[in-house]
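Here the structure is laid out as C-alpha cells; the discussion comes afterwards.
The values are calculated or read from the model by the stated rules, or taken from the named source; none is laboratory data. In this text the structure is predicted, and so the values were computed from the model without any measurement. So basically every Cβ, Gly included, is an ideal-geometry build from the backbone, and we count neighbours across all protein chains shown.
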Amino acid sequence: MDSETSSLQPLLVIVGPTASGKTRLAIEASEALAGEIVSADAFAVYRGLDIGTDKPGVEARRRVRHHLIDVAAPTERFSAGDFARDAGVAIADIRSRGLIPILAGGSHFYVRALLLGLFPSPPRDAKIRARLVAAWRRDPTTLVRALQEIDPGAAARIDPRDRQRIVRALEVHELTSVPISEHWKRSRQSPRYRPVIVAPERPREELYARIDARVDHMFRSGLEEEVNQLLVSGVPRDAHALKAIGYRQVLEMLQGSWDRPTTIARTKQASRRLAKRQLTWLRSLREGALRWVQPADRGGTESLLAVWHQHRGSRSL
RNA sequence: GGCGACGUGGCCAAGUGGUAAGGCAGGGGCCUGCAAAGCCCUUAUCCCCGGUUCGAAUCCGGGCGUCGCCU
C-alpha cells in the first residue's frame, strides 16, 4: 500500500463548511503556487446560479482559472459521478500544463467521489427511478420487503424510511442483477491521489454570523430576480438545480408559502444546518487526515502553504 | 391599591390526582451516482414555600412574577 500510495501525485484539497472562507484560501494559494482551482461544489456547476451559490465572480476568475463551474445547464442533472470524471480530467489537464491543481469546495461527497472513486455501477436510470418512486408512494413497505429479499445486507444497512437509498439499491440490482451490497464489498478502490486536506477553522458562532450576513447579501444582490430569470428562461420549477439552498426557499416564497422576511430567515437556517452537516462530515474523517488552518483573514494562507510544502513530498497524509 | 387570568425544557404547547404528549429552534450522527440532497438519534427537580393525599404539574393556602380590567 505504501509503495502504491507514494507513487500517487499529491493533491491539495481545501474543504470546509459553507461561508468558512474556502474560496479566498483557494485563490490566495493558487496565486502563491501558480495553480488553478477545481471547484468541488455541487451547485456552482450550473450556469445561471450565481448569487445563491456565491460563485466566484469574474474578477476572481480572472485572477485564477476555475474549473467545474458553469459546466452544466440548470435544466440538467449533474451527479457525483459526473463530477469525479470531469474533475479528474481537469486535474490532469492542469498538471499537463505544469501548474498545481487545487481542489476546493464544500460538497464533501463529491470530494470523496473524486479521491476514492465511486463503485463501478450504472448511473441513475430515469425510467426505473420513476417506476420505483411511484411504487414507493403507493406503498413503501413493498419496496422495503423486495430489498430484504434480494439483498438482506443492504436492507439491514439502509433505514427503511430512506427512500432515496432504498430506490437506488433496487435500481442498481435491476440494472446489474448484482445486489448493491456486493458492489459495496467489491468497490474498495485504491485512492487516485495522495490528498493533502486542509480546512479553515472558525468558531461556530462566527461561522453562523457569516452565514447570516452572506444570505442577507444574497437577497440584497437580487437572488429573487435570479430565480425569476431562471424560471423565465424555461427552467422547470422541479429542476434539480433549484433544490439548492436559497433557490428552493425563494421558489416557495413565489408560491406564497411565506413572506420575504421568513424566506430570508429560512434560508439562513437551511445554510446553518448545511454547515452543521458539513462539520459532522469533516469530523468523521480519519484522525490526522485533515489539517485545520486559520481562515485567510487571519493568516491561514501561510499555514496552508506550510502544510502543503511539508506534506506534498511525504506519504503521511 | 382592588379584581381576574395565567406561570410546564431555549420558544410554542398538551396534560385537571397515578408518576411529564407533540411541534419548533438547538445539538449529535449516518452517508458510495438527487449530496446545498436524503435519513436517524436527542434535551424537563412542571415559578417558589408549605399543606391535603398512599401518590400532585394537576387539589388547598401563602409568596413571587406576567398579562388584562378596574380605582
When the range A:238-255 is examined, which residues are found to be within 17 Å of the chain's Cα centre (by Cα) and farther than 14 Å from A:Ile51 by Cα?
A:His240, A:Lys243
Out of the residues in the range A:153-165 meeting the condition of being in contact (Cβ under 8 Å) with a residue 24 or more places away in the chain and within 13 Å of A:Trp184 (Cα to Cα), tell me which one is nearest to RNA strand B (Cβ to nearest atom).
A:Arg157
Does the range A:56-72 hold any residues that are modelled with pLDDT of 95 or more, under 17 Å from the mean Cα position of the chain (by Cα) and at negative phi, and which are they?
A:His66, A:His67, A:Ile69, A:Val71, A:Ala72
In the range A:27-60, residue surrounded by the most Cβ atoms within 10 Å (Cβ to Cβ) [restricted to those that are within 13 Å of RNA strand B (Cβ to nearest atom), among the small types (Gly, Ala, Ser) and over 18 Å from A:Val250 (Cα atoms)]:
A:Ser39
The range A:169-202, residues that are part of a helix (DSSP H, G or I) and not acidic (Asp, Glu):
A:Ala169, A:Leu170, A:Val172, A:His173, A:Leu175, A:Thr176, A:Ile180, A:Ser181, A:His183, A:Trp184, A:Lys185, A:Arg186
Among (1) in contact (Cβ under 8 Å) with a residue 60 or more places away in the chain; (2) touching a helix residue (DSSP H, G or I) at 6+ places or on another chain (Cβ under 6 Å); (3) under 23 Å from A:Gln278 (Cβ atoms); (4) of a type outside the set (A, V, I, L, M, F, W, C), A:His67 falls short only on (1)
Lone qualifier among A:Arg85, A:Arg62 - being under 29 Å from A:Arg220 (Cβ atoms), out of contact with any strand residue (DSSP E or B) (no Cβ under 9 Å at 6 or more places or on another chain) and free of Cβ contacts under 8 Å to residues at least 12 places away in the same chain
A:Arg62
Yes or no: the range A:116-130 includes at least one residue that is part of a helix (DSSP H, G or I), basic (Lys, Arg), away from RNA strand B (no atom under 11 Å from the Cβ) and free of Cβ contacts under 8 Å to residues at least 60 places away in the same chain.
yes
Output yes when any residue across the range A:130-138 is in contact with a Phe, Trp or Tyr (Cβ under 6 Å, 6 or more places away or on another chain), among the charged types (D, E, K, R) and over 29 Å from A:Ser233 (Cα atoms), and no when none is.
no
